[in-house]
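Just below is one structure, and these are the notes that go with it.
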Amino acid sequence: MSLARKRVHYAGRRLAQAVPIVLGIVVMNFLLLQLAPGDAADVLAGEAGSATPEYMAMLRERFGLDQPVWLQLLIYVKNILSLDLGFSFRHNMPVLELIMERLWPTLLLMGATLLLSVGVGILLGLLAAARVNTWRDTFISVLAIISYATPLFWVGLMLIVVFSLKFDWLPATGMESVAMFYEGWDRVVDIARHLVLPAITLSLFYLALYTRLMRAAMLEQYGMDYVVTARAKGVTEQRITFKHVVRNAVLPVVTMAGIQVGSLLGGSVVVESVFGWPGLGLLAFQSLFARDFNLLLGIFFLSACLVILVNLLVDLLYTFLDPRIEMK
Amino acid sequence: MADTLLDIEGLTVDLPAGADRAHAVEDVNLSLRPNEILCVVGESGSGKSVMARTVMGLLPPRLHPSAGVVRFEDKNLLEVPPAYMREVRGERISMIFQEPMTALNPLMTIGDQIDEMIETHSDLARPKRFERIVEILSDVRLPEPERIAHAYPHELSGGQRQRAMIAMALILEPAIVIADEPTTALDVTTQAQILALIKDLQAERHTGVMFITHDFGVVAEIADRVAVMQHGKVVEFAEAGEVLNRARHPYTRALIAAVPSLVPGRRDDVKIEPVVIDVRDLDKRYSSGGGLFGRKEARVVHAAKSVSFTIRRGETLGLVGESGSGKSTVARCVVRLIDADGGAVELDGTDLLVLSKREMNLYRKRIQMIFQDPFASLNPRLKVDRLIAQGPVIHGMKLEDAIERAHELLRLVGLDPRAADRYPHEFSGGQRQRIGIARALALDPEVLIADEPVSALDVSVQAQVLELLADIRKQFHLTMLFITHDLRVAAHVCDSVAVMRFGQIVEYGSTEELFTNPRHPYTRELLNAVPGKEWDIPDFVHAAGADDD
């Protein structure tokens with residue numbers, strides 16, 4: 001079987017295996033949310049100021065909240081299987097539509113963050129390792145440790161204070177300047193300017209992690225026998241670094257990046273709230289307090305699918321990078 | 001001399017401050033002629049590898065040559081600029097390493113790695129280069145050279161990888177090839193093939209080969225001249241026949257005396273003793289793949305296929321085979337470190353394989369094991385006396401008594417009892433193996449299973465440990481299962497030998513019978529592959545004794 005066909009087979013099998021996993025996650029999320037006190041009827045009644053018990057019972061009946069839990073679960077799973085994520089009473093919109101609307105800002109933020117942390121992390125690690133134990137190495141390492149140890153939300157707030165409020169270089173909140181009605185390139189530039197601060201905030205921790213990981217991996221690989229072999233061939237140090245060492249050293253970083261994607265969604269809840277970024281994280285945060293469980297479950301479901309998909313992509317990427325990986 | 005390729009004069013390489021001696025290499029004088037194989041022999045730490053790497057300019061940054069000249073093509077290689085040295089490396093002097101798995105980049109194909117060599121030193125076009133790569137791969141007798149050129153290192157066997165390394169070293173037809181223990185990591189039959197290949201190609205191309213090794217058998221097989229190194233100095237440097245048969249320096253003599261002879265020694269007759277271990281139809285399979293959802297066929301490796309043998313009291317049975325033959329699996333099944341799939345292992349008539357875990361614990365102390373790697377098999381966080389006392393304490397002895405016993409055992413295995421208060425990493429390999437033996441003896445076992453106990457040791461240390469094992473065996477009347485890949489060691493130690501291949505015993509008989517009259521073709525192949533088999537090891541010990549008196 002050719003390698004390409006092997007990959008397709010592998011991807012197909014992995015996706016098939018993902019179905020029961022996602023269903024398990026759906027069931028678990030549903031049951032976990034049942035543990036939270038109060039329901040949508042309570043919240044609506046609370047916001048209205050007062051409500052009669054009859055009105056609340058009617059609300060519950062309308063949302064199907066008066067059914068026993070197992071029946072609610074069964075109906076929900078059945079709906080999920082037909083890709084019907086339900087209706088958000090809060091936003092008066094189907095959940096799927098709502099999520100899709102918020103998905104692309106989150107993907108944009110995630111993509112930018114991933115690119116920034118992996119790209120810059122690898123670069124800094126490489127620079128540090130190439131001149132190990134010089135001032136450059138020390139400087140990079142100290143920087144990495146500081147960003148490593150600083151809490152996410154604090155970094156976000158400080159960036160806003162310095163770059164938005166003090167210098168007024170970059171916008172502090174939102175994804176675009178809605179009032180300006182930019183079109184075409186202007187809009188792209190506007191969104192990119194809005195993207196800078198949240199992306200930096202979200203990527204800083206992993207950027208530091210990759211810098212350290214890449215530096216350590218490079219130094220480890222420099223000590224390997226094949227490097228001596230390459231030197232014995234008369235290959236220049238520069239070529240040894242780029243043709244031999246970097247390719248080997250990048251493998252652990254890729255593994256870590258796969259793990260990062262999962263936690264990015266979690267991190268985006270904080271960052272989107274701080275920066276008012278209209279993504280899934282902010283939506284999840286709001287729907288939790290509104291007891292909008294349908295919406296929350298939908299977001300969870302989509303996040304699970306996203307993480308599984310990205311993991312598969314990372315594994316496939318790995319088979320391109322490392323010929324030793326077997327696709328079983 | 002005009003016909004000298006490489007001249008090393010007064011070479012000294014300093015070790016960093018705080019090392020156990022001042023120089024890694026001290027005042028070494030050597031010369032390499034065209035069309036010869038110069039073997040540099042020495043034990044670990046003798047400085048032979050450092051010397052070779054100094055020639056290549058590949059010393060680790062902590063080491064610096066402090067004196068001497070390495071003359072090659074009218075230049076002193078210690079003083080040339082790095083760019084010049086890079087041109088010499090690969091094109092004029094190339095190198096073959098010990099471990100072909102780690103010496104090749106795992107992410108590049110064999111072809112690309114050889115190609116890098118040509119690309120660095122010439123401006124041939126790519127198709128032309130590929131042509132030459134395929135040509136050299138077939139020269140080193142690799143099957144399907146084009147497929148190999150596109151293969152990754154992990155897709156080849158150890159022998160094939162080493163052939164590819166050799167191809168890489170030879171492709172630019174260098175004047176000198178430096179081979180640093182190129183066959184040490186290989187099985188004996190593969191080693192024989194690689195040695196023959198190196199010798200053939202060297203003769204064909206009139207290359208000067210500097211061959212670093214610790215194995216006098218290998219020296220006897222291929223050397224034209226021999227240099228013996230000890231503590232960084234060359235103690236003897238002469239024609240091969242001279243060194244092998246009429247060595248003058250006491251260190252050379254001691255090294256040669258430590259090489260076990262292939263002729264089995266006289267053994268006591270054990271035929272009348274009762275059978276202690278009776279292994280019948282032992283079966284063990286390993287399977288991989290399959291998985292929860294995978295519909296793929298699981299791969300099954302039959303590591304032991306109806307293996308049967310008996311060992312009588314006081315007898316030593318050698319289990320001989322190459323890597324992957326299943327000999328270690330059998331040993332581990334016998335002590336139930338892993339569970340066999342079928343068959344019986346009887347100790348004094350009790351089948352161990354059907355015992356429950358608790359019942360087995362009563363038998364565990366009767367069978368003890370000595371492991372190959374003296375570095376990895378001792379818990380680094382326990383002091384030596386605790387390490388040895390651990391077994392008896394688990395079996396109910398009081399700690400003070402067990403510690404006292406540990407001190408006795410340390411004396412027995414030839415270590416100072418003061419060693420008891422130290423950690424394993426403070427000892428040398430041979431000393432650690434002695435600790436391992438003491439640990440095994442602490443439970444007063446009747447049966448010892450020794451899994452390659454001397455393979456990781458230098459030849460002189462190996463001789464001492466083998467002697468210790470022989471003493472202990474006699475003193476405690478121990479029964480022993482001795483696993484080894486080294487036929488010389490087997491001839492020296494074992495009363496009877498079972499030869500394993502692909503999980504099966506292909507020949508089983510008394511050592512004398514098997515070595516003088518091998519019946520199975522594989523046994524013959526193994527015996528033929530032993531390096532230096534035609535070399536009669538001179539009896540320096542007795543000769544030296546006569547001289548001294």
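Any read-out appearing in this document is the output of simple, stated calculations on the displayed coordinates, not a laboratory observation. Note that this is a predicted model, so its numbers are computed, not measured. Ideal geometry is used to build each Cβ from the backbone, glycine not excepted, and the neighbour counts take in all protein chains shown.
Taking 23 Å as the cut-off for C-alpha to C-alpha distance, list the pairs among B:Lys199/B:Lys533; B:Lys284/B:Lys474; A:Lys233/B:Lys233; A:Lys233/B:Lys533 that go past it. Please report the intermediate quantities before stating the final value.
Details: B:Lys199/B:Lys533 17 Å; B:Lys284/B:Lys474 32 Å; A:Lys233/B:Lys233 28 Å; A:Lys233/B:Lys533 35 Å.
Over 23 Å Cα-Cα: B:Lys284/B:Lys474; A:Lys233/B:Lys233; A:Lys233/B:Lys533.
Where in chain A are the helices, taken as whole DSSP H runs, whose Cα atoms extend 30 angstrom or more along the long axis and whose Kyte-Doolittle mean reaches at least 1.6?
Membrane-span-like by this criterion, though nothing is claimed about a membrane: A:95-130, A:293-321.
With Cβ to Cβ distances under 13 Å as the rule, what net charge do the other residues near A:Gly64 carry (K, R +1; D, E -1)?
Result for the local shell: 0.
Could you give the nm distance between label points at B:Lys365 and A:Tyr182, where each point is 7 Å from its Cα heading toward the beta carbon?
Here the answer is 8.1 nm between the modelled labels.
Take the Cβ-Cβ distance between B:Tyr423 and B:Asn245 as r, set R0 to 35 Å, and report the resulting FRET efficiency rounded to the nearest 0.05.
Efficiency for this residue pair is about 0.20.
Hey, got the average number of other protein chain Cβ atoms within 10 angstrom for residues in B:117-127?
For this peptide, the per-residue mean of nearby foreign Cβ atoms is 2.
Restricting the count to DSSP beta bridges whose residues both fall in the protein assembly as shown, what percent are antiparallel, rounded to a multiple of 5? Walk me through the numbers before you get to the answer.
Working: 46 of 83 bridges.
Bridges in the protein assembly as shown that DSSP calls antiparallel: roughly 55 percent.
Long-range amide H contacts for B:Leu6: which residues qualify at under 5 Å (H placed 1.01 Å from N, peptide plane, sequence gap of 5 or more or a different chain)?
So B:Leu6 has HN proximity to B:Leu32.
Tell me the label-point distance for the pair A:Asp42, A:Arg131, using the 7 Å Cα-to-Cβ offset, in nm and rounded to one decimal.
Going from the A:Asp42 label point to the A:Arg131 one covers 6.0 nm.
Within 10 Å of each residue's Cβ, count the other Cβ atoms and sort B:Phe515, A:Phe301 from fewest upward. Intermediate results must be reported in sequence, preceding the final value.
Values: B:Phe515 19, A:Phe301 23.
The fewest-first ordering by Cβ neighbours comes to B:Phe515, A:Phe301.
At R0 = 45 Å, how high is the FRET efficiency between B:Thr184 and A:Trp104 if r is their beta carbon distance? Nearest 0.05 is fine.
Numbers: r = 59 Å, r/R0 = 1.32.
The computed FRET efficiency comes out at 0.15.
Counting other beta carbons within 10 Å of each Cβ, put B:Glu9, B:Glu173, B:Glu26 in order, fewest first.
With the fewest neighbours first, B:Glu9, B:Glu173, B:Glu26 line up as B:Glu173, B:Glu9, B:Glu26.
Set the Förster distance to 35 Å, then compute FRET efficiency between A:Glu97 and A:Leu317 from the Cβ-Cβ distance, nearest 0.05.
Numbers: r = 32 Å, r/R0 = 0.91.
For A:Glu97 and A:Leu317, the calculated efficiency is 0.65.
What length, rounded to one decimal in nm, is gained on full extension from B:Ser138 through to B:His206, with 0.36 nm per residue of separation minus their alpha-carbon distance?
Full extension from B:Ser138 to B:His206 adds 22.6 nm.
Sort A:Thr201, B:Thr252 by Cβ crowding within 10 Å, fewest neighbours at the top. Working shown, then result.
Numbers: A:Thr201 24, B:Thr252 21.
With the fewest neighbours first, A:Thr201, B:Thr252 line up as B:Thr252, A:Thr201.
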